[in-house]
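Bear in mind that the values in this text are calculations on the coordinates, not laboratory data. Treat the numbers as computed from the prediction; the structure is a model and nothing was measured. When we count neighbours, we look across all protein chains shown, and the Cβ atoms used for this are built from the backbone with ideal geometry, even at glycine.
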Protein chains: 6
Amino acid sequence: MPEIKRPSGRMADALRQVEIVTGFSRHAEGSALIRMGGTEVLCAASVEGRVPGFLRGAGQGWVTAEYGMLPRATHTRGDREAARGKQSGRTQEIQRLIGRSLRAVVDRTALGEMTITLDCDVLNADGGTRCAAITGAWVALALAIRTLRKANVIATDPLIGQVAAVSCGVFGGVPVLDLDYAEDSNAEADANFVLTGTGGIVEIQATAERATFEEATFGTLLGLARKGTAELFTAQRAALDAA
Amino acid sequence: MPEIKRPSGRMADALRQVEIVTGFSRHAEGSALIRMGGTEVLCAASVEGRVPGFLRGAGQGWVTAEYGMLPRATHTRGDREAARGKQSGRTQEIQRLIGRSLRAVVDRTALGEMTITLDCDVLNADGGTRCAAITGAWVALALAIRTLRKANVIATDPLIGQVAAVSCGVFGGVPVLDLDYAEDSNAEADANFVLTGTGGIVEIQATAERATFEEATFGTLLGLARKGTAELFTAQRAALDAA
Amino acid sequence: MPEIKRPSGRMADALRQVEIVTGFSRHAEGSALIRMGGTEVLCAASVEGRVPGFLRGAGQGWVTAEYGMLPRATHTRGDREAARGKQSGRTQEIQRLIGRSLRAVVDRTALGEMTITLDCDVLNADGGTRCAAITGAWVALALAIRTLRKANVIATDPLIGQVAAVSCGVFGGVPVLDLDYAEDSNAEADANFVLTGTGGIVEIQATAERATFEEATFGTLLGLARKGTAELFTAQRAALDAA
Amino acid sequence: MPEIKRPSGRMADALRQVEIVTGFSRHAEGSALIRMGGTEVLCAASVEGRVPGFLRGAGQGWVTAEYGMLPRATHTRGDREAARGKQSGRTQEIQRLIGRSLRAVVDRTALGEMTITLDCDVLNADGGTRCAAITGAWVALALAIRTLRKANVIATDPLIGQVAAVSCGVFGGVPVLDLDYAEDSNAEADANFVLTGTGGIVEIQATAERATFEEATFGTLLGLARKGTAELFTAQRAALDAA
Amino acid sequence: MPEIKRPSGRMADALRQVEIVTGFSRHAEGSALIRMGGTEVLCAASVEGRVPGFLRGAGQGWVTAEYGMLPRATHTRGDREAARGKQSGRTQEIQRLIGRSLRAVVDRTALGEMTITLDCDVLNADGGTRCAAITGAWVALALAIRTLRKANVIATDPLIGQVAAVSCGVFGGVPVLDLDYAEDSNAEADANFVLTGTGGIVEIQATAERATFEEATFGTLLGLARKGTAELFTAQRAALDAA
Amino acid sequence: MPEIKRPSGRMADALRQVEIVTGFSRHAEGSALIRMGGTEVLCAASVEGRVPGFLRGAGQGWVTAEYGMLPRATHTRGDREAARGKQSGRTQEIQRLIGRSLRAVVDRTALGEMTITLDCDVLNADGGTRCAAITGAWVALALAIRTLRKANVIATDPLIGQVAAVSCGVFGGVPVLDLDYAEDSNAEADANFVLTGTGGIVEIQATAERATFEEATFGTLLGLARKGTAELFTAQRAALDAA
């Protein structure tokens, strides 16, 4: 790794401190409060015994997500989306991404005609909230499925893999892992990687903010993401074991 | 107090366990996470150096509140208001009540042309969320004002009193203090009292749910509320002292 | 009663002139145009042979209300809520209150699986519109039930009592009955009382606008409300008898 | 006129009974409650000392209208537009028509940079509400202008003519004047005519509902409209004289 | 025809050049791109095997229309209605008119329980878009019905006539046919005529923009409309023959 | 390239036929109708002499985009977003992507305080509409800038590069270029690449639909995208030369 001065003092390939607390949402079938440095996202899984219209009678379940941010999760207060009367394009983009990411590791036939909704609400924001949401939501989902399995509601485990996400970017000319807000708002490029526990790519969203970036840079970012998600997979499993 | 079997096993005049943690919202000028038994509300105060249109040029500040509930704060998942595109009547009623309650103890001239918004978001709900929001929001407000005073933004302390709220009700024929969800959903009558540290009444909202109630009952409920808010005032001051 | 100079010249314990005209809404199953001084509210009851989803199959009826104000019912024109695209928090709060108040005197099992909706539209506003709406809506409801009974649609009378409402407040330091707009906008405290014909309390909403108020004051206000609603019950019965 | 059996028993060229009561809306600068048979529309004029953005600085005033219908003005209760969150296409079409019709008889330069808004709210509906609204709104507008003139706010009278409207149609094969609901819902053709006191045509909206209609028929309908509006002009002047 | 200087140099009774191209919308059951001078409207017919709620079980079909305008169809960019969150009153008025006009020439019993929706989207606007939409939509409708007939979905032809529309107006004191934008925005009067192939009147919308107009003028405008629609009927049939 | 049977019969590395017609939107400062096989997107550039609030006074311009799809651009009719009252998450996601992509090749300081809005409306959809929109919008943008430069409104050319987009995916196990609808709806993975004329990466959005994909596959897709965009850059330049 090249020399670099990150605002946080972290090494270029260092994740922020990760903490996953389960059971925060008392009523949810599964929940995880994930902290990645100053970013804190509460993920709660809700199970419903029916599926959306387009799946009715198809013998398959559905996994979906909603995303929100408390108005004062950020440096300056943002509008409350409920008061403004609509979700922003950013919010919708993020919740669609979370849903797709989780569905990549769920056998929806094994799930049966049930819907699991993951509510991901940002309590404190310091960059990387969508990635933290994906990583935390997977834990909440796994716990909800554990609840269903214990209750003998589903026979076969529908969870066929682990999924986690991390953002990487080019900051001060150097590729770095797990951007915080100070970096994110000044990065030349920014990429979110959603990867599985077996190394598969679920989703990549790479954006050059001020310039464009080269293919080689992209490769370096992907390498960082593999390192970061490996640590996240470990944290997810530890949280599940402790729950 | 008469014999009664409360679902929680509490005495008729016993509050639930109260805990107020400050500083949860890292970016807010003041914040308090209040827990009253299984109810948990995050209150964050945001300061803005301007006032709504109807106060412009009047040399007075404004204190207002917004209220929300995470979709899975409740036993069964509720719709996300942002997704549904509007706040419910209940939400609007509650946030108006919180704002009025806080304004009762603020000297808005001393505050000057500034707006303080209290975001009260329910993370876990077990009855009494609007009362917990008022009690916690007062702490967040006090901390925000402390921040402004330390920064010498305001010369005179605009906080002229303490305010707290508690719900009382008639459950199983007996007046009880601080209804939880199991009681609230089966109470014959339900009253929210917003009182000040000096014993003044700020707001009373009393509703007979299934029948009507007598004046004497109402008096008993008010007495319970006085006892309960006295304990809440102590908890508020302790939280401020520790912050 | 202490000496006081009310803007209207009324005694402290005097209601405004009350008039209830039935049948104004030609198509409604029951209707009442209530005038309390300069406040004029048209209340129309509509019967529908089905209930909302949450009551389906429960063998019970539903009574609900909607509230509106013509844009120029007030001193200066207000926005038309339909044009603005949503009902204000105040509107929703009021219509929820009207519905709850009426349900307190209806045996919903006797009503059967029917919904009665009370539309309360303010034609002219001079303070106390929500109280006038409750008092008038009860008459419209009673007439609609009379219509249903005459048509032998329901066997048992579901109307188990009378309900009326009045606002009291502290004006110029003196507790007064039935605030008009000139008083309401300058009152130190303002309380709406919803009472039944047999003296039960259905709902109390008391708010200190600029300061707080004492328990004794509250008692005086309740006494005034009892006197005022007694007169309103008489006016309601007279309107029904004349219809 | 040919023999015809109108549901109301009226002659083919007979208007319904017309009554125009002024001053119903106490706070409005001008108001008129118009009754045409069972149709009853409250028209209130509100004056504001500014113009919409597109006219700012143009030295001209603006006259506009809003239209609404109380939910139970009709045989069966309709949705409240404020609750549904938007005005229907029909509502918008009607309020645009009312505004255009009134502007045809206003010298907007003489009016100066002021806006007059006519709120037309249907209290009871029995067909022809948009026409009644135009006829009544003209009276409310004239009264508002009289108020402004008396207060010496405007020097020259901006009201340069009278405008009224009536619907005609083909019912049972016969052209008839002033359709009521029973006729309107079964008419083969339906035309709204907005005419001025000097015989000019302001607006014609003719629609064949089930078939098409011939040019000659159209001529007959226009003749009936001339007769009807002549009577309406007289009623308008009488209402103004009595006010 | 009197001497007149039209901005386009056209004779007073001359239509703009008309062109109707079928099949532009590849997936639609029928489509027509109509050009009238600089106005260009894409009309697409969609067939659905069910009817709106109010017609369910009535053994009748439904024909309806939606209208839109690309934001930059006009001289200066207009707001995108989808982004603004609602359709304007003008849009709703126009799409209701298109639907009514087409239903005048459809035997809805012969159509059976099917809905045909005509989407009319303005790609380029130079005046007369609603009339062009009606004329083009009829062709799209006829093609969709041809598709249904070829597939033996309907036994009897539900299309019982031709319908077309044209706007006429008084420009520079002279009645002219087929107003373009330069004329429309300066016309003294403006009338849209919807006529059938057999000479029946379906709908007339005549508006005096700055003054009023006389009955004789109206007659002249109708005459021009008859001439114009005759040419449009020919163009429609030619488009169908070529399809 | 491996053997593969694409529904269209195309080679794995073959683009669909590309056609870019300029000037379709008569009023726009620049416009391009792009056809990629059966996908047809109309891109219109509108210039406005001001910038959004967050850029006011910053001496920089703004480039943004809006995206829409005609209801019957697709196999079965979709809801009209304007009628439904909001833009879908997908629509917002796409229009944000188009805007970001274009801003990557614009020197916003050279543009000055002006906004260029690109309206991208899909007239016919057969897969790849967002990519076609980016490619076409660049041409419309270049033409609008040419217009501004000819009018001497801007001194320095703000267009600092070419940008185009193409989707690649894994279909039937084989990486293929430029997915059409038949492929897109059955692809195992789907990636949109936004690249510049000098080979820089602007944005990558890669999604595994049913499984995950490997890093090597991703590399192959990027290679195909480079080949495809090279052809699109040529088509863009040809369209500009011919305009």
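Comparing E:Arg210, E:Arg149, E:Arg80 in a Gaussian network model of chain E, where Cα atoms under 10 Å apart are tied by springs, the biggest mean-square fluctuation is seen for E:Arg210. Among A:Asp178, B:Asp79, sorting on how many other beta-carbon atoms sit within 10 Å of each Cβ, with the fewest leading, yields B:Asp79, A:Asp178. Taking C:Ala208, C:Ala230, C:Ala44 as the candidate residues, the one with maximal mean-square fluctuation in a Gaussian network model of chain C, Cα springs under 10 Å, is C:Ala208. The reciprocal of the average 1/r between distinct C-alpha atoms defines the Kirkwood hydrodynamic radius, which for the protein assembly as shown equals 35.6 Å. For chain D, a simple Cβ point-charge model (Lys and Arg +1, Asp and Glu -1, everything else neutral) yields a dipole of about 640 debye relative to the Cα centre. May I ask what percent, to the nearest 5, of DSSP beta bridges between residues of the range E:18-242 are antiparallel? Of all bridge pairs located within the range E:18-242, approximately 85 percent are antiparallel.
Here B:Ala242 yields copy-to-copy label distances, from shortest upward, of 2.2, 6.5, 7.5, 7.5, 8.3 nm, the label point defined as 7 Å from Cα along Cα to C-beta.
The helix-only estimate of mean residue ellipticity at 222 nm for chain F, built from DSSP H runs of length n ≥ 4 each weighted as -39500 (n - 2.57), is -10000 deg cm²/dmol after division by the residue total. Sorted from shortest to longest, the distances between the B:Glu48 label points of this copy and the other copies are 2.2, 2.2, 3.3, 3.7, 4.0 nm, with each point 7 Å from Cα along the line through the beta carbon. Legend: ranking of residues C:Trp62, F:Trp138 from fewest to most surrounding C-beta atoms inside 10 Å; resulting order C:Trp62, F:Trp138.
What is the distance in Å between the Cα centres of the range C:59-111 and the range A:22-82? Measuring centre to centre over Cα atoms gives 33 Å. Comment: the Cα-to-Cβ extended label point of F:Glu214, at 7 Å, lies 2.7, 8.3, 8.3, 8.6, 8.8 nm from its counterparts in the other copies, nearest first. Residues A:Leu123, B:Leu118, B:Leu159 in ascending order of nearby Cβ atoms (within 10 Å, fewest first): B:Leu159, A:Leu123, B:Leu118. Between B:Asp13 and B:Arg84, take the C-beta separation as r, use R0 = 51 Å, and let me know the FRET efficiency to the nearest 0.05. Efficiency at R0 = 51 Å is approximately 0.85. If you run the Gaussian network model on chain E, springs between alpha carbon atoms under 10 Å, then out of E:Pro52, E:Pro71, E:Pro175 the most flexible one is E:Pro52.
By the Stokes-Einstein formula, at 1.567 mPa s and 4 °C, chain B with its Kirkwood radius over alpha-carbon pairs has D equal to 71 µm²/s. Only beta bridges with both residues in the protein assembly as shown are counted; by DSSP, about 85 percent of them are antiparallel. Relative contact order of chain C: 22 percent, from C-alpha pairs under 8 Å at least 6 residues apart in sequence. Could you sort out which of A:Lys227/F:Lys227; A:Lys86/D:Lys86; B:Lys227/C:Lys227; A:Lys86/C:Lys86; F:Lys5/F:Lys227; B:Lys86/F:Lys86 sit more than 23 Å apart by Cα distance in this structure? Distance filter (> 23 Å) returns A:Lys227/F:Lys227; B:Lys227/C:Lys227. R0 = 45 Å: FRET efficiency of F:Gln60 with B:Val174, Cβ-based, nearest 0.05? FRET efficiency, F:Gln60 to B:Val174: 0.10. The Cα center of the range B:112-172 and the Cα center of the range E:120-172 differ in position by 63 Å.
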